[in-house]
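Only one structure is covered here, and it is reproduced in the block below.
The values are calculated or read from the model by the stated rules, or taken from the named source; none is laboratory data. This is a predicted model, so every value here is computed, not measured. Side chains are part of the model used for accessible areas, which takes the heavy atoms of the whole protein and leaves out ligands, DNA and RNA. Shrake-Rupley method; radii C 1.70, N 1.55, O 1.52, S 1.80 Å.
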Amino acid sequence: MSSKISGRVSPQPCPHLLDFCYRNGSKPFRALQDCIRVKPPGGRAAIRREPFEVPRCGTCNESSRPRLYACVACAAVFCHAPPLHSHASAHALSVPGHEIAVDVDRAELFCCACRDQVYDRDFDAAVVLAQTITSTTSTSGSTVTQCKATGSQPDNLRKRRRVDYSLWAPNSRENAIIENHSIPLHDATNGSLISSTELPWGLRGLNNLGNTCFMNSVLQALLHTPPLRNYFLSDRHNRYYCQQKNGAILNGSKNSRFCLACDMDAMFSAVFSGDRTPYSPAKFLHSWWQHAANLASYEQQDAHEFFISMLDGIHEKVAKEKRKTHNPGTGDCCIAHRVFSGILRSDVMCMACGFTSTTYDPCLDISLDLEPNQGVSGKSSLAKSNNSCNVVADCMGSSQNCGISTLKGCLERFTRAEKLGSDQKFFCQKCQVRQESLKQMSIRKLPLVSCFHIKRFEHSSIRRMSRKVDRYLQFPFSLDMAPYLSSSILRSRFGNRIFPFDGDEQDACNEVSSEFELFAVVTHTGKLDAGHYVTYLRLSNHWYKCDDAWITRVNESIVLAAQGYMMFYVQKMLYYKASEKQAASWCDVRK
């Protein structure tokens, strides 16, 4: 017998388990938490026993049977080897009330009378709590590291219908329009056609307007962000139409309302016009000052703060125009959130009863702490970074020996379960009191472009001082985000225990590819109050250094030796969702 609840077939509870729980209270298995241990190699739960103790069946004294079960009532161990015999079932039939047992090697509930596995939330909470506590106290048993080392991927990835990508080919009417309204692109400096040996198309320097290297570095990364570039170059946001729609006067009247998206559209047109002379983003700077009046000055600003403020300005403009509230986490409100918006999942679990409180928060980037310094001081690490050739060779070896951090290590630290302090006790809805708790972050939904911000500027309110962390960070050119997804984290935490998921993570984070590729790095050199920002861009399989108005080609070792502050990764494979009309036409073509 089974019942269907919220689209799922839920099995009827075992009568022997219900009788056991009725006779032994509401939480009969909570005492078993101390009897469960986690094996370090795979994090699998099992019944705790001595290292050299070999469990044997109490009837046949065999230890090599397929399964061994320990009776919950009397702790006696019996074997279960269907279809030959089952001493566990014989014990259950001979002694009433001894039907429920626990798998010795897997710590799973088993009904010896029904000869089938059974599920109990209280028992599963005890097992999961034991697993989580062990993973946080053991330095070698990190579940995230295991997923990454083995390269394991989620098994139950939801199959989705994709649309085959095909290059656009103009028809006869479009060819006529192109021929009548197009002119050859040329170099504005000498009037000659662009040679294939010169800089890639669209790579243009940006003039420094007075301590605006923070803005230029971020703009260079955004101008060459593939989804953002395709959006503006395909005229998805036309600044002339936007100004007319908003009732603005096109001749530059003071009554014209600022629009950062319009200024971005103008900048894309100028940068990809073929002109190689440095471009001055003065209009964009003025519009940004209107949006962020508290940052309107010629003082040096933080590049990350500018990045968030600029995307927020584009989002606010779209929200006001459409006059409705948008959820940034859905990614459908504006181009800024379509490209950069993701969703973070936060789990806070009570260490007393195992109750878990889950919250979701949209994010435009992920701020990461550097790993703790484990070997070399910051000055020594900085001295090595002055030699770009040696730093790559030295730091590729071991992060512990060199005292460096890795981007993957920072992500593992970000998604690792941590015990909250006594001053941060969590109010458990189940216990109705404040309890000590464990907190774990994970990524529920990946954005098209992932921006990682490294916390290099530390501010202490107690010491009333600020400083910059000059430690080297090792970052890869290709990054697999699968180990840090909520589906992977939950699967590592619960194993094959599917009930605690409650359909919450139906591969929401697998809507997109988990393989990412680095295309831009924003770096900061110098001190906290007197530094300089530079961007490295990857275009046409080559790296270029964008230092305000100066563009130079560099090799990979220079990029790897740079002091990364913001890293931009784009998905290697972009999928297209199929609408009903598209899918029908695609099926007709296939036929």
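A cut-off of 5 Å between modelled amide H atoms, ignoring neighbours fewer than 5 places along the same chain, links W543 with V554. Under 1.5 on a/c is rounded, so check that first for the stretch 15-135, then, if it is not, pick prolate when a/b is larger than b/c and oblate when it is not; a ≥ b ≥ c are the square roots of the alpha carbon gyration tensor eigenvalues. Here the stretch 15-135 falls in the oblate category. In order along the stretch 296-301, the Karplus-derived 3J(HN,Hα) couplings, from 6.51 cos²θ - 1.76 cosθ + 1.60 at θ = phi - 60°, round to 7, 6, 9, 7, 5, 10 Hz, and Gly and Pro are given as x. Atom-type composition of the exposed protein surface of the stretch 15-135 places 54 percent of the accessible area on carbon and sulfur (1.4 angstrom probe).
On a per residue basis, the stretch 15-135 carries 51 Å² of accessible surface, using protein heavy atoms and a 1.4 Å probe.
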